[in-house]
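Read-outs throughout are calculated quantities, based only on the coordinates presented, and are distinct from any laboratory measurement. Bear in mind the structure is a predicted one, so any value in this text is a computation, not a measurement. A quick note on method: Cβ atoms are made from the backbone with ideal geometry, for glycine too, and the neighbour counts reach across all protein chains shown.
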Amino acid sequence: MVCIVILLLSACVNLQPLLTTRLMMPNDSDEIISFDVTEDNGFVHALYVVRTSKNSHRAIIRYSFSKDGGEHWTSPSDVGDEINLISYQGNDVQLAVEGNNLVAIWQIKGELPGMGPMASRYSHDGGKTWFFGENPAGDNNGDQAHIDLIADDKGIFHVVWLADPEENGRQSIRYARSLDGGEHWQASQKLDDSTCSCCWNTLVVSSTGDINVLYRDMQPRDMALMQSTDQGEAWHRISTVGDFKWQFDGCPHIGGGLANAEGVFYSSVWTGLEGKAGLYFLKSGDNGKGWSAPVPLGRMASHSDIAANKNKVVVIWDEIDQEGSSVYSAKSLDGGTTWTTPSRLSSVGKMAVFPRIVSTAQGFLAMWTETRSKQPAQLMIKILD
């Protein structure tokens, strides 16, 4: 069963569940340009950026949460107001939550066009009030992009990002952690000094408490898994997720999805390898060291995400079709052994891209942006039961 709840989170009132209906924004010309969604202790939390029609240079970062898996949402609180925001899908604003502690991080403009440092905010009262935090990088130099952020059950916040080219001319992936809810960050570490320069990274805490980051490597241009078993003190590259041996001199702008449920890893990865291009599903039962043979999910699919709850797994992605781009999902009830036929989640005739999915106590919650022709992009939601 698919329960449809299509909402716009930037409304100024409490959001209500409206089946096959969407709640209009106060100004239809305002648009959503970036968002993040996460789950913590039964609550779903969303961070999103509203670009206003009155001032196209002004970006308002807002926060809202749901107690019932996405059916109802609180009135939004303003996290930040950025004129210099650098945020686009694939380089989204980031949110992590642990109890009443919340941290939000995004990128702002620096000295060079299209590049700049990270900016952070934190809240210790469940998102009611927000304060300026330190830059996790420790400085505001160069480019600090493609950020991902999580919190573990010990209350430690973890962040990764892609930094300026090293002496070898390639991007590096960096990591830092905060022990005080995002107020301060420990000295950053370099995890890999040779990565793809513009694919998003994905952080996941496993059932055992290990911290894992999925990122696109340089040579070959496949997805790599880095892991820390001591809350971020030390890191080790443990595997390639989808060993396609794809050699490519360029950036595909596509990262991957990673989830962990009851000690099993599930991943959705994309490759551009000639003859095998497309989206694939893989799983690992030995803490990410070895992976199953890739299962193809869609030849035209690209940007994806994945969520799992026990042996239920859902992959969501966008896919080029006759309408332009649509969001699809497929579900497995047996840990990825068999899959349902992919079903379209987005509206027909609209451009739907960059979906996200999280597991909730009520099922699975999907989000993506959707627009028609030159209309402003809207944030769409569906509850998958």
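Structure data summary
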read-out	value
Residues with amide H under 5 Å from that of GLY209, placed H, sequence gap 5 or more	none
Cross-link partners of LYS109 among lysines (Cα-Cα below 29 Å; sequence separation of 8 or more within a chain)	LYS54, LYS128, LYS190, LYS374
P(r) of region 54-105 over all Cα-Cα pairs, binned every 10 Å from zero, in whole percent	19, 48, 29, 4
GNM top mover of PRO296, PRO76, PRO113 - the chain, alpha-carbon springs below 10 Å	PRO113
For region 212-219, 3J(HN,Hα) per residue [Karplus equation, 6.51 cos²θ - 1.76 cosθ + 1.60, θ = phi - 60°, Hz, x = Gly/Pro]	10, 10, 9, 8, 8, 7, 8, 9
Euclidean distance of C-alpha centroids, region 85-130 and region 249-306, integer Å	27
Estimated vicinal HN-Hα couplings, Hz - region 170-183 in sequence order (Karplus 6.51, -1.76, 1.60; Gly, Pro = x)	10, 5, 10, 9, 10, 9, 8, 9, 10, 9, 10, x, x, 6
Per-residue Cβ neighbour rank within 10 angstrom, fewest leading, TYR122, TYR215, TYR88	TYR88, TYR122, TYR215
For ASP222, residues with placed amide H under 5 Å, excluding near neighbours	ASP217, TRP246
Label corresponding to log10 I(q)/I(0) by the Debye sum over Cα atoms at q = 0.10, 0.13 Å⁻¹ when calculated from the structure given, among (1) -0.84, -1.00; (2) -0.58, -1.06; (3) -0.68, -1.05	(2)
